[in-house]
Amino acid sequence: MSTKRVLITGAAGFLGSHLCDRFLDEGYEVIGMDNLLTGRLKNIEHLFPLKDFQFYHHDVSKFVHVPGSLDYILHFASPASPIDYLKMPIQTMKVGSLGTHNLLGLAKAKNARILIASTSEVYGDPTIHPQHEEYWGNVNPIGPRGVYDEAKRFQEALTMAYHNFHGLETRIVRIFNTYGPRMRLNDGRALPTFLRQAIEGNDLTVFGDGSQTRSFCYVSDLVEGIYRLLMSDYHLPVNIGNPEEITIREFAEEIIALTGCDQKVIYEPLPKDDPKKRQPDITKAKNILNWSPTIGRKEGLSTTYAYFKQEIEAGSLIH
């Protein structure tokens, strides 16, 4: 039996690189694709010597060609943090729209199953809590975050259109806040920002009064959920995240305790359309995929802290 082949876009990014590792471990031939706009080759350089790994430096919003057969496609290409998509709004919209269209077309041509990476941001600043998959969201389409939120919402709509019209095998994962090694230190999100500030001896910056909540999922748990969803026969969106909710203020205090730093928390104005609440309802993931997170925040944070500390000490500040 020939080895199954999987194309992973955004392969040099935080999540994409961990997915490459997982599929190689499972015995797949992996084709990684990334235009390196926010991805880093360092995340996948350990894979280059492997015979079952190939890398294409390519922008998926342009025509995508991959020779040979494909069994699966995982579309994870996209700037994913506010700092990125505010700086690259048009590329963000193009990778969610044109990129998704190109990859759905490729999946159809190759008769491959495709999983697209959506996000909890499709729920916007939610009016229900926790967020379940049937909630339609509360998104400002013309606000600063709209370029990311609406790209992902369009991506979901286009994926469902290909499923319904062409009978394509599709999967949609809605990813909630995820963390772990290979995150970029200055990607602008709370967790890497707090860890970097603590390690570098700066005060921790909390936006607003710190009462807004997030729910953090460790990367290995997320990858397991994605793998199970891809292998399932469920085509509607599924939330994958850790439902353990914490306020940003409490989280900053947790980081101070973990790192043993003596800095204080300082407060700055809340950015426009910043979600006040974020917590996944994972009933579907539990029932359909038999999945729930296994790594607690304490364990996950200490691993991530060790990684960031090493990165900073090696002078490898992540762009």
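The values are calculated or read from the model by the stated rules, or taken from the named source; none is laboratory data. Every value quoted in this text rests on a predicted model; they were computed, and no experiment measured them. Positions of Cβ are generated from backbone atoms using ideal geometry, with glycine treated the same way; all protein chains shown enter the neighbour counts.
Return a yes/no flag: does the range 287-305 have any residue that is among the aromatic types (Phe, Trp, Tyr) and buried (at least 16 other Cβ atoms within 10 Å of the Cβ). Break it down into steps so the answer makes sense when it comes.
Of the residues in the range 287-305, the ones among the aromatic types (Phe, Trp, Tyr) are 291, 305.
Restricting the remaining residues to those that are buried (at least 16 other Cβ atoms within 10 Å of the Cβ) gives 291, 305.
Within the range 287-305, one or more residues are among the aromatic types (Phe, Trp, Tyr) and buried (at least 16 other Cβ atoms within 10 Å of the Cβ).
For ASP84, which of the numbered conditions (1) at pLDDT 95 or above; (2) surrounded by fewer than 21 Cβ atoms within 10 Å (Cβ to Cβ); (3) within 22 Å of LEU19 (Cβ to Cβ) fails to hold?
Status for ASP84: all satisfied but (1).
Residues checked against (1) touching a helix residue (DSSP H, G or I) at 6+ places or on another chain (Cβ under 8 Å); (2) modelled with pLDDT of 95 or more; (3) in a helix (DSSP H, G or I); (4) not β-branched (Val, Ile, Thr):
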| residue | (1), (2), (3), (4) |
| --- | --- |
| PRO271 | yes, no, no, yes |
| ASP274 | no, no, no, yes |
| LYS277 | no, no, no, yes |
| ASN287 | no, yes, yes, yes |
| PRO293 | yes, yes, no, yes |
| SER302 | yes, no, yes, yes |
| TYR305 | yes, no, yes, yes |
| PHE308 | yes, no, yes, yes |
| GLY315 | no, no, no, yes |
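I'm checking my understanding of the structure. Among residues of the range 96-140 that are farther than 16 Å from LEU236 by Cα and acidic (Asp, Glu), which one is modelled with the lowest pLDDT?
The selected residue is ASP125.
Among the residues of the range 194-207, is there at least one that is under 23 Å from PHE308 (Cα atoms), surrounded by fewer than 22 Cβ atoms within 10 Å (Cβ to Cβ), out of contact with any Cys (no Cβ under 9 Å at 6 or more places or on another chain) and of a type in the set (A, V, I, L, M, F, W, C)?
yes
Specify which of the listed residues (GLY188, GLY137, GLY143) is farther than 18 Å from PHE76 by Cβ, in contact (Cβ under 8 Å) with a residue 60 or more places away in the chain and touching a helix residue (DSSP H, G or I) at 6+ places or on another chain (Cβ under 7 Å).
Numbers: GLY137 fails: in contact (Cβ under 8 Å) with a residue 60 or more places away in the chain; GLY143 fails: touching a helix residue (DSSP H, G or I) at 6+ places or on another chain (Cβ under 7 Å).
None of the other options fit; the residue is GLY188.
Need pairs with beta-carbon distance below 7 Å; first residue on the phi < 0 side of the Ramachandran plot and among the polar types (S, T, N, Q) and within the range 15-39, second modelled with pLDDT under 95 and part of a helix (DSSP H, G or I); sequence gap 6+ or separate chains.
Sorted first by the residue in the range 15-39, then by its partner, the pairs are THR38/ASP84.
Return the only residue of SER78, SER61 being surrounded by fewer than 24 Cβ atoms within 10 Å (Cβ to Cβ), among the small types (Gly, Ala, Ser) and either under 21 Å from the mean Cα position of the chain (by Cα) or modelled with pLDDT under 95 (or both).
Details: SER78 fails: surrounded by fewer than 24 Cβ atoms within 10 Å (Cβ to Cβ).
After ruling out the rest, the residue left standing is SER61.
What residue, among those in the range 85-127 that are in contact with a Lys or Arg (Cβ under 9 Å, 6 or more places away or on another chain) and β-branched (Val, Ile, Thr), is farthest from GLY188 (Cα to Cα)?
Selected residue: ILE114.
How do the strands (runs of 3 or more DSSP E) wholly within the range 7-113 filter down when requiring 3 or more residues that are within 19 Å of VAL173 (Cα to Cα): which remain? Lay out the reasoning, then the answer.
On the way: elements: 29-34, 53-57, 72-75.
Qualifying strands (runs of 3 or more DSSP E): 72-75.
Given the condition surrounded by fewer than 21 Cβ atoms within 10 Å (Cβ to Cβ), farther than 21 Å from ASP221 by Cα and hydroxyl-bearing (Ser, Thr, Tyr), answer yes or no: does some residue in the range 95-108 qualify?
Looking for residues that are surrounded by fewer than 21 Cβ atoms within 10 Å (Cβ to Cβ), farther than 21 Å from ASP221 by Cα and hydroxyl-bearing (Ser, Thr, Tyr), one finds at least one in the range 95-108, hence yes.
Could you tell me which of the residues THR259, THR247 is of a type in the set (Ser, Thr, Tyr), crowded, with 18+ Cβ neighbours inside 10 Å, at pLDDT below 95 and out of contact with any Cys (no Cβ under 7 Å at 6 or more places or on another chain)?
Numbers: THR247 fails: crowded, with 18+ Cβ neighbours inside 10 Å.
Matching residue, one of THR259, THR247: THR259.
What about THR127, is it among the polar types (S, T, N, Q) and either assigned to a strand (DSSP E or B) or surrounded by 18 or more Cβ atoms within 10 Å (Cβ to Cβ) (or both)?
Numbers: among the polar types (S, T, N, Q): yes; either assigned to a strand (DSSP E or B) or surrounded by 18 or more Cβ atoms within 10 Å (Cβ to Cβ) (or both): no.
No, not satisfied.
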